[in-house]
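Novice: Sharing a structure with you now.
The values are calculated or read from the model by the stated rules, or taken from the named source; none is laboratory data. Note that this is a predicted model, so its numbers are computed, not measured. FYI the Cβ positions are ideal-geometry reconstructions off the backbone, even for glycines, and counts take in every protein chain you see. These area figures cover heavy atoms from the full protein model, side chains too; ligands, DNA and RNA do not enter into them. Shrake-Rupley method; radii C 1.70, N 1.55, O 1.52, S 1.80 Å.
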Amino acid sequence: MALEADNISDGLPTAQARGAEFISQQPASGGVFERRRTEQDAAPAASRTPYFAKGGRLRPFRLLKLDLRNLRSRYLSDWTVFNQQVLASAVYIFFTNILPGITFASDLYVLTGKSWGTIEVVFSTGLCGLAFALFSAQPLCILGVTGPFSVLAENIYKLCNEHFRVDFLSVMAWSLIHAGWMHFLLAIFNAHDWTMHVIYFHKAALELKRTHSHASLAAFLYAVIGAFGTCILAILLSTANSWQPLFHRYVRLGLSEYAAAISIIIWIGIPRIGELASLDHERLEIQTTFRPTNPDRDTFFVKFWELPVGWIFLSIIPGAIITVLFYFDHEISSIICTVRRYGTQKPGGFAWDIALLGLTTMVCGILGIPPANGLLPQAPLHSESLMHYVDAERTEADQQDNVSNKVSRTYEQRYSSFLQAAFIMIFVSPPFQKVLGLTPTSVLAGLFMFMGYQSLSVNPILERIAYLLTPPSELAPLPANVSWLGMHAYTITQIVLTGIVFGVTLTVAAPAFPLIIIALVPLRLTLMNKIWTRETLRSVDGWACRPGKPEDTAEEQAMAFDEKSVP
């Protein structure tokens, strides 16, 4: 979705709350608000507070209490903001959520022996999305069924069906129930204190590959044209705000805000024109009745209690893997949708949302549908679509120089997440399922490319990759203690590690890839700060991290502790 500018100020004003001075987990991370304390008071407290004492890191329910307080403080105000940009954001996120979800549904239909299909994925995405829109502490986070979980479900199905001959849905139900209570434990014992988009281009290629194997050569060639056409038209329309003086400004605004939706609708209709209508286009697979995909199931309910006791306990293992995957996915998506770029001001609540995620995960297991969790690409795209600019307080020097001081803000509300989830739930009904069935897979591939473009366009790593190809004489000067050699080495390390993690998902070790991601956390926190300077790490990672990193200054370390302590 188009926005007017990319250059924003990092100096955001500190939030105030009813006469008391508060600080956020930073405006960049949407965390809890706490009373300000001096560094001299906070730093010693961090080292001497016992884990289970008041304010200790493992003090049960500490963050949950803070999150609940923050939820009460923001809830009513979340329903007071509604405008055309919020509505446009809801439409945009609806398309970027439901269409990729149906792709994963097509994969799951084959990989889980028809246990899950389109109806289950749409039902889960809508149900969990509504729950989080209504009750979460951070409504900017978007939920859906993810590709990594699809990979995990495939491997669990193979083990159940081919090796152990046990009912897949019952094992998955218990796995999700175990994952639910593990989420509760993570929330109760403040696990957030211990933690710190190329995929969509790959999915676009897979969609075209699938079309090539199922359609004629002519249909495949059109699919390639349709995919690139969908992506290019969406990108072109997203720049409509810069077309002045062409069209009225409200027309330009509408074209930019609804760029993806307009492009999708146009390219859904083009294959029905003239001789193109006679081609054997690949379209999304849908259902015509509201019932489970598996013909052996009559209702959305799993008799999980009929599973042998031994398998109930063995299900703890996949449950733990799901917990790790969901916890990191949701934490990261909650952080990156509130980074400093978006100028978010309201408090979030990581512990509360993890507990809510545990509840929805349990419910999905009992209903026999795949669980939804935080979507990494859609969450920042959601914030991006809600971002706008306001006038900051101007100093006397600015007024004398006639300088316009704009800062970014995001419409922090619940309507956009609620509406997109409600739209998705509507498409559970058979008539709307048929509407989805009109969508060619080429349009889906184009949407994937557009989402990849949108994600990478705001990610500094793309710029740093370009620097790798830039002659040294053309590179700009860097801050003190930061060298281009260090920046390049860090960028190459990121690319290599990303390739390794992605490669693992293509092997038999795919179910263990969340453990590899976990292993990278201590690597980042302990080893990398010994290889790169503090200033280098702040330059490459500071845009997406919250306070509390090893390379932070003493003042920032104290602030990080201060934010997570009870008043």
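Novice: How large is ³J(HN,Hα) for each residue in the stretch 525-531, as worked out from phi by the Karplus curve 6.51 cos²θ - 1.76 cosθ + 1.60 (θ = phi - 60°), to whole Hz, x for Gly and Pro?
Specialist: Coupling constants for the stretch 525-531: 7, 10, 8, 5, 6, 8, 8 Hz.
Novice: Taking 0.36 nm per intervening residue step and subtracting the Cα-Cα distance, what contour gain separates K209 from D296 on full extension?
Specialist: Details: separation 87, 0.36 × 87 = 31.32 nm, distance 3.13 nm.
Contour length minus the Cα-Cα distance gives 28.2 nm.
Novice: Between I465 and Y389, with labels modelled 7 Å along Cα→Cβ, what's the label distance in nm to one decimal, could you check?
Specialist: With each label placed 7 Å out from Cα toward Cβ, I get 2.7 nm.
Novice: Whose amide H sits under 5 Å from the amide H of R283, counting only residues 5 or more places off or on another chain, with H placed in the peptide plane?
Specialist: Answer set, sorted by chain and number: T441.
Novice: A further question on this structure: In whole Hz, what ³J(HN,Hα) sequence does the stretch 91-105 give by Karplus (6.51, -1.76, 1.60; θ = phi - 60°), x for Gly and Pro?
Specialist: 5, 4, 5, 4, 5, 6, 9, 6, 5, x, x, 5, 4, 5, 5
Novice: Now a separate question. How do the peptides 258-269, 372-383, 123-134 rank, highest first, by the average count of neighbouring beta carbon atoms within 10 Å per residue? It would help to have the intermediate numbers written out before the result.
Specialist: Working: 258-269: 20.2, 372-383: 26.2, 123-134: 23.6.
The most tightly packed comes first, giving 372-383, 123-134, 258-269.
Novice: Something else now. Multiply the residue separation of T80 and V166 by 0.36 nm, subtract the distance between their alpha-carbon atoms, and state the gained length in nm to one decimal. Kindly include the intermediate steps, with their values, before the conclusion.
Specialist: Details: separation 86, 0.36 × 86 = 30.96 nm, distance 5.03 nm.
Value of the extension gain: 25.9 nm.
Novice: Separate question: Which cross-chain or sequence-distant (5 or more) residues have an amide H under 5 Å from the amide H of E412, H modelled 1.01 Å from N in plane?
Specialist: none
Novice: Once the other residues with Cβ under 14 Å from the Cβ of A372 are scored (Lys, Arg +1; Asp, Glu -1), what is the net sum?
Specialist: On the way: positive: none; negative: E120, D329, D353.
Net charge around A372: -3.
Novice: Using θ = phi - 60° and the Karplus form 6.51 cos²θ - 1.76 cosθ + 1.60, what ³J(HN,Hα) does each residue of the stretch 219-235 get, whole Hz, x for Gly and Pro?
Specialist: Those phi angles translate into 5, 5, 4, 5, 4, 4, 4, x, 5, 5, x, 4, 5, 5, 5, 5, 5 Hz.
Novice: Same structure, new question: How far apart, in nm, are the 7 Å Cα→Cβ label points at L525 and I266?
Specialist: 4.9 nm
Novice: What FRET efficiency do you get for F135 and F313 if R0 is 30 Å and r is their Cβ-Cβ distance, rounded to the nearest 0.05?
Specialist: Details: r = 31 Å, r/R0 = 1.04.
For F135 and F313, the calculated efficiency is 0.45.
Novice: Taking R0 as 41 Å, what's the FRET efficiency between L185 and T289 from their Cβ-Cβ distance, rounded to 0.05?
Specialist: Numbers: r = 39 Å, r/R0 = 0.96.
In this case the efficiency is close to 0.55.
Novice: Still on this model: Counting only Cα atoms, I'd like the Rg/Rh figure for the stretch 120-194, Kirkwood definition for Rh. Don't skip to the answer; put the middle values down first.
Specialist: Working: Rg = 15.1 Å, Rh = 14.5 Å.
Reported Rg/Rh, Kirkwood definition of Rh: 1.04.
Novice: Roughly to the nearest percent, how much of the accessible area of the stretch 325-385 is carbon and sulfur, given a 1.4 Å probe?
Specialist: Values: 860 of 1050 Å².
The C+S portion of the solvent-accessible surface of the stretch 325-385 is 82 percent.
Novice: With a cut-off of 8 Å between alpha carbons and a minimum separation of six or more residues, what is the relative contact order of the stretch 229-288 in percent?
Specialist: Working: 34 pairs, mean separation 20.1, N = 60.
Computed value for the stretch 229-288: 34 percent relative contact order.
Novice: Residues with amide H under 5 Å of K406's amide H, sequence separation 5 or more or different chain, H placed in the peptide plane at 1.01 Å from N; which?
Specialist: Placed amide hydrogens put A392 under 5 Å from K406.
Novice: Length gain on complete extension for the stretch L359 to I225, per 0.36 nm per residue less the alpha carbon to alpha carbon distance?
Specialist: Length difference between fully extended and current span is 43.9 nm.
Novice: Let me ask another. Taking 7 Å along the Cα-to-C-beta vector as the label spot, tell me the A509-V496 distance in nanometres, rounded to one decimal.
Specialist: Result: 1.6 nm between the two label points.
Novice: Can you tell me the order of 175-182, 151-158, 290-297 when each peptide is scored by its average per-residue count of other Cβ atoms within 10 angstrom, highest first?
Specialist: Numbers: 175-182: 24.0, 151-158: 20.1, 290-297: 15.0.
Top to bottom by mean Cβ count within 10 Å: 175-182, 151-158, 290-297.
Novice: Given the peptides 416-424, 465-473, arrange them by the average over their residues of other C-beta atoms within 10 Å, most packed first. Let's see the in-between values first.
Specialist: Values: 416-424: 23.6, 465-473: 9.9.
In decreasing order of mean packing, 416-424, 465-473 become 416-424, 465-473.
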